Each structure stands twice: as C-alpha cells, then as structure tokens.
1. Could you look through the stretch 135-159, keep only residues that are more than 12 Å from the chain's Cα centre (by Cα) and either part of a strand (DSSP E or B) or over 14 Å from ARG195 (Cα atoms) (or both), and pick out the one that is modelled with the highest pLDDT?
2. Out of the stretch 160-198, which residues are among the small types (Gly, Ala, Ser) and not in a helix (DSSP H, G or I)?
3. Which condition breaks for ILE127 when tested against (1) outside any strand (DSSP E or B); (2) crowded, with 19+ Cβ neighbours inside 10 Å?
4. Give me the pairs, please: first residue somewhere in the stretch 161-186 and closer than 11 Å to PHE149 by Cα, second residue anywhere and basic (Lys, Arg) and in a loop (DSSP other than H, G, I, E, B), beta-carbon distance under 6 Å, and either six or more positions apart or on two chains.
5. Consider VAL139 carefully, then state whether it is surrounded by 12 or more Cβ atoms within 10 Å (Cβ to Cβ) and either touching a Cys at 6+ places or on another chain (Cβ under 7 Å) or under 22 Å from HIS204 (Cα atoms) (or both).
6. Here are some residues: ARG196, ARG212, ARG202, ARG179. Which one is under 14 Å from the mean Cα position of the chain (by Cα), of a type in the set (D, E, K, R) and either at pLDDT 95 or above or surrounded by fewer than 19 Cβ atoms within 10 Å (Cβ to Cβ) (or both)?
7. From VAL150, VAL173, VAL154, which residue is under 20 Å from ASP124 (Cβ atoms) and surrounded by fewer than 21 Cβ atoms within 10 Å (Cβ to Cβ)?
8. Can SER77 be described as under 30 Å from PHE183 (Cβ atoms) and at pLDDT 60 or above?
Amino acid sequence: MLGPLDEYPVHQVPQPIAWPGSSDRNFYDRSYFNAHDRTGDIFLITGLGVYPNLGVIDAYRQVKETMPDVQLALVGSMASDDPEGWDFFNSTIAHADGDTDIHILNNFNNVGAIEVNAFQSHADVLIQKSTREGFGLTVSEAIWKARPFVGGNVGGIPLQIEDGVTGFLVSSVDECAQRTIEFLRDPELGRTLGRRGKEHVRQHFLTPRYLRDYLKIFNELSES
C-alpha cells in the first residue's frame, strides 16, 4: 500500500532533508519502491538517488559539452582555522581532476577583494549554487555588478533573487547548466536581468534604505 512517505527519499542522517548528510559529492539520499502482483510472477524494483552535493563543476561540465571554450573560475576566501573548509577545498581540487579550464582561486594564492570584484564585474555568468545558505551577502555583492546570476533555490538566496526577473534560481545541476547556457547564448537576456538585479539591490539592500527605515521607526516612536 502506498503512503505519503513513498514520495520522499530516505534521509540518512537525523537532520532535515534539506541539510546534506555529508560533504562527500557521492553522498546521496535514496528511495526504493517495490511492487508485485498477487501471484508473485511479476516483481518490480525501482530506485532513486538524490545527490545534494553535485555542484558547479558538474554543471560546468554539462555546459562545456555544448560550449567547449567555456572556463570556470571558483573564487573564494579560505579561513586558516576551518578544517572542514579545507576538506571541501581538497575535494573540489580532486573533482576538478586536472582540468586546465577550471581555476580554483582563493586568498592563499593572492586573490583578495580587488580580484574578487574584478571576477564579479567581468564574468559572463555568476553562479552561487549553494546547498544551504543564510542571507549570503555574496549574492547581493554579485548582482550589484549587474551581471547575469544563477543561484541555488535555498535559504536566503530567494530573498535576494526574483526568479526570471533579477536572475535565475535553480534546484539541480541540470537546471544550473541549462540556465547558464541560456545566459551565454543570449547576452541581452543577461544584461536585462543584470540591470534589474542591480536596481533590486539598490532599492532593498544598501545602507540608505536601512537608514531610511531607522528614521521611519524613530519618527513613529517620537509621535507615539
């Protein structure tokens, strides 16, 4: 008999299913469905695996099949006292597998704020495909540069990106690759969404807006 849980994969850790149980890119949540007829002559087994850690490199490889000249720059900042961060860093290098068109750059090889700004300002597409995320200030920093943006549909990213209006929100590697190709094939689309994204940041996330909100609060308190 089918029940509501038959539509969901079995999570392998006690955290909510939106929280990947491991940083291992081969980690997956699984779902099995078995069926048979009353005689037992026919038996069906189906399986589904959800891989939450397949990410930007996997999307890049799909894009490269269509556009062989594409390159990927993974630019970030590493904390010297974050051992888990180094695990992610090393697994990323391993997954890149020596691809000379994948450039992994961070503050330990002289890539700082100026260089990050340059990458954000000149990239054909900016991607932040997080599996979990808070407000993620890096999202607003990126779209402030008026560049095409593709982000994971998780956490605080949808608070900053209106899907199809100021950028694209994606939930899978396939979607990420498809949206990236869409931007690369249609630069005018990227410019249009990029300009809207910059205006969205201007209206909602810059200091003058916060100042205006505080002044409004102070004014309301003084009148009460």
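1. Taking the stretch 135-159 first, the residues more than 12 Å from the chain's Cα centre (by Cα) are 135, 137, 140-148, 159.
This time we only want the ones that are either part of a strand (DSSP E or B) or over 14 Å from ARG195 (Cα atoms) (or both), so: 135, 137, 159.
Working: PHE135: 80, LEU137: 81, LEU159: 90.
Across the stretch 135-159, the extreme among qualifying residues is LEU159.
2. Step one: filter the stretch 160-198 for residues among the small types (Gly, Ala, Ser), giving 164, 167, 171-172, 177, 190, 194, 197.
Matches in the stretch 160-198: GLY164, GLY167, SER171, SER172.
3. (1)
4. From the stretch 161-186, the pairs are CYS176/LYS129.
5. So VAL139 fits the description; yes.
6. Details: ARG196 fails: under 14 Å from the mean Cα position of the chain (by Cα); ARG212 fails: under 14 Å from the mean Cα position of the chain (by Cα); ARG202 fails: under 14 Å from the mean Cα position of the chain (by Cα).
One residue alone meets the criteria, ARG179.
7. On the way: VAL150 fails: surrounded by fewer than 21 Cβ atoms within 10 Å (Cβ to Cβ); VAL154 fails: under 20 Å from ASP124 (Cβ atoms).
Matching residue, one of VAL150, VAL173, VAL154: VAL173.
8. Values: under 30 Å from PHE183 (Cβ atoms): yes; at pLDDT 60 or above: yes.
Judged against the criteria, SER77 is a match.
The values are calculated or read from the model by the stated rules, or taken from the named source; none is laboratory data. Bear in mind that the values here come from a model prediction, so they are computed numbers and not experimental data. Positions of Cβ are generated from backbone atoms using ideal geometry, with glycine treated the same way; all protein chains shown enter the neighbour counts.
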